[in-house]
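What follows is one structure encoded as structure tokens, with my remarks underneath.
The values are calculated or read from the model by the stated rules, or taken from the named source; none is laboratory data. Treat the numbers as computed from the prediction; the structure is a model and nothing was measured. Cβ sites come from the backbone with ideal geometry, for glycine too, and all protein chains shown count toward neighbours. Just the protein is used for accessible areas: all its heavy atoms, side chains included, with ligands, DNA and RNA removed. Shrake-Rupley method; radii C 1.70, N 1.55, O 1.52, S 1.80 Å.
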Amino acid sequence: MAHTLCLLFDCDGTLVDSEPLLAAEMANALSAVGLPFLASDYMGEFRGTRFRHIVAELQSRHGQVDPDHLETMEGEMRRNLMRRLETELLPVPGAPEALAALAAYPMAVVSNGPELKIRTSLTSSGLAECFDDRLFSGYTARCWKPDPCLFLHAASMMGHAPEDCVAIDDAIVGVRAALAAGMTVIHLNRYPDAEETPEGAIMISSMFQLPTIIARLVKARSMAVSAS
């Protein structure tokens with residue numbers, strides 16, 4: 001049956017192509033306060049990582065920055081990003097089609113980002129109606145990937161056991177968090193030449209592949225039940 005699996009989607013880089021915008025705004029903001037940072041640094045080393053962790057790591061390398069300056073910088077960066085998300089954001093190729101094909105399944109968004117950012121991203125990319133209020137933010141739950149607690153929180157709120165959930169995430173921190181939570185994990189690896197899918201996760205290179213993979217998982221579960 002379709003409803004035996006709950007689908008938990010990451011947002012940035014999985015559903016919406018926000019990461020180039022985020023990387024550019026981070027580079028502008030961090031460099032302005034004396035923390036050298038390129039957009040390529042985010043895409044290469046820090047993709048999916050909570051912003052405060054990125055700041056802490058950069059300060060360990062380049063020196064401490066006045067906390068008030070950091071707070072002002074982060075606020076301005078997020079406002080600039082929100083403006084760009086509202087006007088420039090597009091869905092990840094294949095995401096609208098995958099969500100339409102999988103509409104019979106219970107599904108939610110599980111993101112390290114703030115809830116307002118998630119809502120803005122889904123609305124501006126035309127994906128909001130697929131999820132309604134089933135949005136789980138690290139800032140609301142007060143726990144962030146790679147800790148499995150955010151995925152476990154989402155599963156509990158959705159009324160599903162972890163083993164009945166499939167997490168779809170493009171970032172290694174998210175893949176590791178969902179694996180640690182005991183979920184089936186699909187890694188949307190859009191950079192297979194540069195990034196290795198962690199052991200235990202299923203790799204896809206395009207969201208167009210997702211419905212076929214879900215169908216295979218459902219069939220395998222059905223066969224396992226029949227054999228038991």
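Key figures for this structure:
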| quantity | calculated |
| --- | --- |
| Separation between Cα centres of the stretch 187-221 and the stretch 25-66, rounded to whole Å | 29 Å |
| Among beta bridges that DSSP assigns inside the chain, antiparallel share in %, nearest 5 | 5 percent |
| P(r) histogram, all alpha-carbon pairs of the stretch 109-227 included - 5 Å bins from 0, percent | 2, 11, 19, 21, 23, 15, 6, 2, 1, 0 |
| Rg over Rh, two decimals, the stretch 124-163 (C-alpha only, Kirkwood Rh) | 1.02 |
| Prolate/oblate/rounded call for the stretch 99-141, Cα gyration tensor, a/c under 1.5 rounded | oblate |
| Long-range HN-HN contacts of PHE136 with modeled amide H, under 5 Å | VAL109, VAL110, SER111 |
| Rounded tilt (10° steps) of 51-62 against the dominant C-alpha axis of the chain | 50 degrees |
| Shape of the stretch 1-124, Cα gyration tensor, a/c cut at 1.5 | prolate |
| Listed residues PHE136, PRO146, MET157: farthest to the positive end of the dipole of the stretch 128-167 (Cβ charges) | PRO146 |
| Exposed-loop-free span, longest in the chain, where GluC sites (Glu not before Pro) count as exposed if DSSP calls them loop and at most 13 other C-beta atoms lie within 10 Å | 1-195 |
| Average accessible surface area per residue within the chain, 1.4 Å rolling probe, Å² | 47 Å² |
| Radius of gyration and maximum dimension Dmax of the chain, Cα, Å | 17.8, 62 |
